[in-house]
1. Check cross-link reach from Lys18 to the lysines: straight Cα distance under 28 Å, and skip same-chain residues fewer than eight apart.
2. Non-local amide H neighbours of Phe238 (under 5 Å, H modeled in plane, Pro and chain starts lacking H): which ones?
3. For region 17-101, which trypsin sites (Lys or Arg not before Pro) are both in a DSSP coil and crowded by at most 13 other Cβ atoms within 10 Å?
4. Would you mind working out the magnitude of the charge dipole of region 161-312 relative to its Cα centre, with +1 at each Lys and Arg C-beta and -1 at each Asp and Glu C-beta, to the nearest 20 Debye?
5. Add +1 for every Lys or Arg and -1 for every Asp or Glu among the other residues with Cβ under 10 Å from the Cβ of Arg164, and state the total.
6. Using helices alone, I'd like the mean residue ellipticity at 222 nm for the chain: each DSSP H run of four-plus residues gives -39500 (n - 2.57), total over residue count, nearest 500.
7. Can you compute the charge dipole magnitude of region 7-52 about its Cα centre, using +1 on each Lys and Arg Cβ and -1 on each Asp and Glu Cβ, nothing else charged? Give it in debye, rounded to the nearest 20.
8. Return the sequence-ordered ³J(HN,Hα) values of region 241-253 in whole Hz as given by the Karplus equation 6.51 cos²θ - 1.76 cosθ + 1.60 applied to θ = phi - 60°, using x for Gly and Pro.
Amino acid sequence: MKRGLDRIETVLSLVKGKRVGLVANAASVDRFGRSSLEIFEKETCLAAVFGLEHGITMTFAAGEKVDGEQSGKLKVFSLYGGNGSGLSKEARELIDVLVFDIQDLGLRFYTYVSSLRLILRSAAEMNLPVIILDRPNPLGRSVYGTLLDESDQSFVGIDNLPIRYGLTIGELALFFNANIGADLRVVPLDGWTGGLWQGRWVPTSPNIPTFETAFVYSGMCFLEGTNLSEGRGTDAPFLTFGAPFMTRDLSFSFEGFELERTTFIPSSSKYQGELCHGYRIRVTDYGANPVEFSLRLMNRIFEEYDEMCFPEGKIASIRHLLGSRESEMVKNDLPALLAKCDRDALYFRTLMSRFILY
């Protein structure tokens, strides 16, 4: 399977004689492990580099301000902020074309997705051509979850997408651009059949070190908006969860996943330095639905622990990750929420069909 970056001859023909701006990070590699930053620095007139959340080195923590990065002699323009930002006029004056080469996870709340939409919007306003080097959706074509209401949209949910949207990053750009109208070109994949990720995993952000993590993260990310630790500051983020008060047995099971009792002390984030009781998740069947698993698990935790709550004032609050109405339904009406997940996913599968390239 060839990524867009693997079709470098096609890419070079599109940017020949132009000053190039590149959106990339440490996961932007070809099938041989070569960095797109190194390739473009060697093969093109690379005039500007742009980073998203975590920076081009992916050493910045989630939500941390990204500033002061360099790529060789070039200043790195950060496109990540409290509410996200598009291209600056200063950056626009340096480049003739913008190339976007980022591996996403196929999830609505991954901020790389929000940055892509903002980039397209500002590129349209600035009359700047954009080239997307397509990459596979690690979670395949599976579509599931509620569509986010406009009133709940934020930088962790910037458009009316389901939780798992089943599009590649190039197809998603086409979906966004239908209402934006930027000068957009997608360098397509070759040989991708729509399945789950196979082969060597390159971490897409600091807390997604393995594909198992990415798979479970598609639902367990919701814990970011609760007072449970989602395992940040451990060696298994999102595969580990708990809190100092979680001492009772949940007696929970869901086909495709196993829960193993554990204790842990996070080195950062929630309950830093405190002993937490909780569970370690193990995936036994990648054909299972991690979003439904997580919603059912949260519902069970609500039944057992009145202490679990939705703290206000957090950027990645549960209402932005899941939706204000939906977050209440997790606790009070789970069957109706799961039915809505099915209805919304069915609707989006129909909507997405005209943007599918493979």
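The values are calculated or read from the model by the stated rules, or taken from the named source; none is laboratory data. Model, not experiment: these values are computed from the prediction. Glycine also receives a Cβ, built like all others from the backbone with ideal geometry; neighbour counts cover every protein chain displayed. Note: accessible area is taken over every heavy atom of the protein model, side chains too, but ligands, DNA and RNA are not part of it. Shrake-Rupley method; radii C 1.70, N 1.55, O 1.52, S 1.80 Å.
1. Correct list for Lys18: Lys2, Lys42, Lys73, Lys75, Lys89.
2. The list, which skips near neighbours in sequence, is Gly231, Arg232.
3. Working: sites: Lys18, Arg19, Arg31, Arg34, Lys42, Lys65, Lys73, Lys75, Lys89, Arg92; in loops: Lys18, Arg31, Arg34, Lys65, Lys73.
Passing sites in region 17-101 are Arg31, Lys65, Lys73.
4. Details: 11 positive and 19 negative charges, 59 e Å.
Value, rounded to 20: 280 debye.
5. Details: positive: Arg108, Arg141; negative: none.
Here the charged neighbours net out to +2.
6. Values: 10 runs with 102 residues, N = 358.
Computed ellipticity for the chain at 222 nm equals -8500 deg cm²/dmol.
7. Working: 7 positive and 5 negative charges, 26 e Å.
Computed charge dipole of region 7-52: roughly 120 debye.
8. 8, x, 6, x, 8, 7, 9, 8, 6, 6, 6, 10, 9
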